């Protein structure tokens, strides 16, 4: 094959970054780009074919789902060895200094492919019992969890009404009408599949809005209060819509061109709902305060450019980012995860973001890969979506705060929580980014506590006694009451189970299996990462590592 010259951008020339993750030296011929991509594709397919089995898919195994999925959805990768880190170079857009109390440690020189994780880069061993992080939809999961919660509340209210009605009946001997049990139940379990594809529902309001005069105010929203955007529409006589990026629980997000500044931006359009609009204004105030305390934009929290009202909707204009880390995993690290060098860079930036939140006394309360955005280079990330954020003084018992897989145990147990809940979420996120797998995958809060203890060990009794909701999950002797489905009847039964003091599948064994061969340098590097996660995921909130301490951890300050 004839060698071809790869042209580099001025930035790549300055930093020595190649457009491909394969290193190129002066003595090696440069491979044709198409050939490199094809070779990687074949290698990835070979790995998948080698380890493909007929077992149920990972998410079905882990969550006990009964739906059948084609067996070719299961794939794992073999162990890989550590690649030596290149010479240190600062990454554009990252801070030049840490907190005043933290040791300065410039980020590694990461190419785009290195940040995303290629087949050639060092990644973690894969545990076939852990579901894929790339396929997880936390928004659908949150909606599912709220539906189950509403269903439980609905049934409790129904039982209370029936009991009250029965008392009236006994007193008056009058017949009383009761609810028919064969009526349609909107919260039925059989419709309660968080991983089922959601059918597209065309509401009458949404359809009418697209066909009637768009100048009519009542035609701008769909039945759920989301703003109906149109491509090439001009919002606020300034922003030209170029793409719909998706919807969350409280808002939709679009990408647009700021015709005044001639640059792309992202616009978050809050649903037309008074309580959601109020929460949106609160988010605006928090973002302004964070920006005022980070004038040089070094702490990796997304920047709010401005906000305005448009046809009854609060609109928040943000700097443009490329994709969130869930999308990075889906596109570049499915079943593989990202390499350790990228994890180190992302970790440092996340801890800087947490340090700013702590300095300003805010809790993010919903950190996960979906709420961490990467720029086009995939070297710089920023914490985003502070819709659930609040001042530390406003925290209250809320057992469904934070997306479930990233929810700290003190939240579930009803223990007073603080900044540690965000550190727990970051620990879960870093594990997920490195392995491509989800760490804790409980079906509900009860099952979450079980999966956490199976990895992290028993909760200290002193901690459990502080929880206002501990009684829901532990008996008087603080034995765990596990809610499980009876295989014969399908009913949910409760039984006490013994949690091992030393878990068999602890954090270290899930990241460094015994049969994995590593040289001393590689082993030391992985051990350091395991130690950092161990401190992020301490069951005791008051013992959990702080952002400033994390920035000084050897994994972050590793000599380049």
Within region 475-487, is even one residue in the same structural domain as residue 412 (by TED's automatic domain parsing) and crowded, with 23+ Cβ neighbours inside 10 Å? no
Helices (runs of 4 or more DSSP H) completely within region 489-560 that count 2 or more residues being without any contact (Cβ under 8 Å) to a residue 40 or more places away in the chain: 507-511, 520-536
Which ones in region 439-449 are at pLDDT 95 or above and buried (at least 20 other Cβ atoms within 10 Å of the Cβ)? 439, 440, 445, 448, 449
Would region 429-436 turn up any residue that is surrounded by fewer than 23 Cβ atoms within 10 Å (Cβ to Cβ) and in contact (Cβ under 8 Å) with a residue 12 or more places away in the chain? no
Write out, first by first residue and then by second, each pair whose Cβ atoms fall under 7 Å of each other, whose residues are 6+ apart or on separate chains, and whose first residue, in region 336-361, is without any contact (Cβ under 8 Å) to a residue 40 or more places away in the chain while the second is surrounded by fewer than 24 Cβ atoms within 10 Å (Cβ to Cβ). 361/391; 361/392
Only one of (1) touching a helix residue (DSSP H, G or I) at 6+ places or on another chain (Cβ under 9 Å); (2) assigned by TED's automatic domain parsing to the domain that holds residue 395; (3) surrounded by 21 or more Cβ atoms within 10 Å (Cβ to Cβ) does not apply to residue 314, and that is (2)
Being part of a helix (DSSP H, G or I), touching a strand residue (DSSP E or B) at 6+ places or on another chain (Cβ under 6 Å) and under 18 Å from residue 385 (Cα atoms), is that true of even one residue in region 251-269? no
Give the residues of region 462-483 that are in a helix (DSSP H, G or I) and at pLDDT below 95, sorted by residue number. none
Count of region 304-330 residues which are within 18 Å of residue 369 (Cα to Cα) and part of a loop (DSSP other than H, G, I, E, B): 3
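The values are calculated or read from the model by the stated rules, or taken from the named source; none is laboratory data. Just so it is clear, the structure is predicted and the values come from calculations on it, not from any experiment. Every residue, glycine among them, receives a Cβ derived from its backbone with ideal geometry; neighbour counts consider all protein chains shown.
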